[in-house]
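The values are calculated or read from the model by the stated rules, or taken from the named source; none is laboratory data. Fair warning: this is a prediction, and the values are worked out from it, not measured in the lab. Quick reminder, even Gly has a Cβ in these numbers, built from the backbone with ideal geometry, and neighbours come from all protein chains shown. Ligands, DNA and RNA are excluded from the accessible area calculation, which covers all protein heavy atoms including side chains. Shrake-Rupley method; radii C 1.70, N 1.55, O 1.52, S 1.80 Å.
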Amino acid sequence: MKGLDQSRPLSLYIHVPFCTRKCDYCAFYSIPLSAAEPGWIDRYVSMILAEIGALSEEWGKPFHTIFIGGGNPGILGYANLRRILEKAEENGMPEEVTVEINPENITPELQGLSDVLTRVSVGIQSMDDEVLRRLGRNASRADNIRALELLSSMPFRWNADIITAVPGESIGRTLKDIEEVASYNPGHISFYCLAFEEGTPLIARETPVGEEAEAEFLEKGWQRLRELGYEHYEVSNFAKSGERCLHNLVYWNLGQYIGFGPGSEGSVGYSTVTSMRDTPEIGRFLSSPELECTPLSSAETEEEFLLVSLRTSDGIRKSGYRERFGRDFDSVYGGQIASIPDGCFTDSPEAFALTEKGFMMLDWIILHLAMGM
Ligand code: SF4
């Protein structure tokens, strides 16, 4: 495959584009089951198996990590998930293998995948039926409780997603969500503000809480998560010790990964990367999937690198930056850093990283630094 660096690890992302029904806020590429044609799921699984088979043969060694996301991969059923994972693990077991499953699809049989799966991610989003209704989620509070109980008794590492700043919800409600979810002891929690995306039923119906209120929801939520023992290691992600998501760290370090499934993305290479996109539409994907490759220039690669790596609390390691781009970080960015407000970053001879105050103005800081490139 063009641009693939055989000397560096490679991860695999598999996008499952099916959902029971569409949540009101969702702008991901996914098809509600009511709109899926008969046979699509079987043909999708066959196509994914073929794509993984061809890549595994070329790669010839274990993938670093695998993540099956969606959509709702739970819709495929555990037997299909096993077929996909067994195919993807033909060259050996990766360091981490995650599957996203919606609460209503988690059953005790999930445990049967423990020989091919190490981690599960569940979209809880809220523990309140009224908030879940506003979001248009399929799962209820009762479904969420059942999923949390099951996951906490299974041998997987696991993550729970929580959405905050939903119109009509209070900060107290968000804090209760965090506390209740944390009481089941997930090693990892993703915590993020509700996004209002164009073309969704949500944007037509509700009004966002506003930037100031969002900042308050985040600040209070971040504080409570820290108090509960979760390290804030990425803008929207929190982990107990040793529980960071290795697969997502690949994205944030601009590591190599290939995505299969309609609309999924990938990135391979090192000093300059090639970004990839799998056929972005289910009909075309099922007839002839193709990875569309776009080689990025050195400046584009560096911009991409800034964009992802400043999301983590580790930030940019200056020796890694020099190795990758052949330049001295302080010489390139020192001038721009001098005009970032105090308290937004830490800067040492080893690393430059943003603080929580910096996370709040992440977009501005990235733009500001990019101007110094
Ligand atoms: S389950 Fe996830 S991917 Fe599917 S509609 Fe809801 S938010 Fe979107």
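Within 30 Å of Ile282 (Cα to Cα) and modelled with pLDDT under 95: is that true of Gly255 in this structure? No; evaluated as a whole, the condition is false for this residue.
Residue-level check: of (1) within 22 Å of the chain's Cα centre (by Cα); (2) part of a helix (DSSP H, G or I); (3) of a type outside the set (Asp, Glu), Gly123 misses just (2). Taking (1) of a type in the set (D, E, K, R); (2) within 16 Å of the ligand (Cβ to nearest atom); (3) within 20 Å of the chain's Cα centre (by Cα) in turn, Asp143 satisfies each apart from (3).
With respect to (1) open to solvent by 20 Å² or more (accessible area, probe 1.4 Å); (2) more than 25 Å from the chain's Cα centre (by Cα), the lone exception for Met360 is condition (2).
The rows are residues; the columns are (1) closer than 22 Å to His247 by Cα; (2) more than 16 Å from the ligand (Cβ to nearest atom); (3) among the polar types (S, T, N, Q).
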site: Glu109; (1), (2), (3): no, yes, no
site: Arg133; (1), (2), (3): no, no, no
site: Ser153; (1), (2), (3): no, yes, yes
site: Thr164; (1), (2), (3): no, no, yes
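The number of residues in segment 271-286 being farther than 27 Å from Glu37 by Cα and out of contact with any strand residue (DSSP E or B) (no Cβ under 8 Å at 6 or more places or on another chain) comes to 1. Scanning segment 136-176 for residues that are touching a strand residue (DSSP E or B) at 6+ places or on another chain (Cβ under 6 Å), part of a helix (DSSP H, G or I) and either open to solvent by 20 Å² or more (accessible area, probe 1.4 Å) or within 15 Å of Phe191 (Cβ to Cβ) (or both) returns a single hit, Thr174. Evaluation of Glu96 against the conditions (1) of a type outside the set (A, V, I, L, M); (2) in contact with a His (Cβ under 7 Å, 6 or more places away or on another chain); (3) buried (at least 24 other Cβ atoms within 10 Å of the Cβ) shows that the sole unmet condition is (3). Just one of the listed residues (Val273, Val235) is in contact (Cβ under 8 Å) with a residue 24 or more places away in the chain, over 16 Å from the mean Cα position of the chain (by Cα) and open to solvent by less than 30 Å² (accessible area, probe 1.4 Å), namely Val273. Annotation: of all residues in segment 1-14 being among the hydroxyl-bearing types (Ser, Thr, Tyr) and in contact (Cβ under 8 Å) with a residue 24 or more places away in the chain, the one that is farthest from the ligand (Cβ to nearest atom) is Ser11. When segment 15-43 is limited to residues that are more than 15 Å from the ligand (Cβ to nearest atom) and not in a loop (DSSP other than H, G, I, E, B), the one that is farthest from Gly263 (Cα to Cα) turns out to be Asp42. Out of the residues in segment 116-131 meeting the condition of being within 19 Å of Pro208 (Cβ to Cβ) and away from the ligand (no atom under 13 Å from the Cβ), tell me which one is surrounded by the most Cβ atoms within 10 Å (Cβ to Cβ). My answer is Val131.
With respect to being without any contact (Cβ under 8 Å) to a residue 60 or more places away in the chain, more than 28 Å from Leu132 (Cβ to Cβ) and open to solvent by less than 60 Å² (accessible area, probe 1.4 Å), Gly69 falls outside the description.
Residues in segment 65-80 that are within 16 Å of the ligand (Cβ to nearest atom) and assigned to a strand (DSSP E or B): Phe67, Ile68, Gly69, Gly70.
If you go through segment 205-224 one residue at a time, do you hit one that is closer than 27 Å to Val308 by Cβ, open to solvent by 50 Å² or more (accessible area, probe 1.4 Å) and of a type in the set (S, T, N, Q)? There is at least one residue in segment 205-224 that is closer than 27 Å to Val308 by Cβ, open to solvent by 50 Å² or more (accessible area, probe 1.4 Å) and of a type in the set (S, T, N, Q). When restricted to residues that are in contact with a helix residue (DSSP H, G or I) (Cβ under 9 Å, 6 or more places away or on another chain) and open to solvent by 60 Å² or more (accessible area, probe 1.4 Å), segment 1-21 contains 4.
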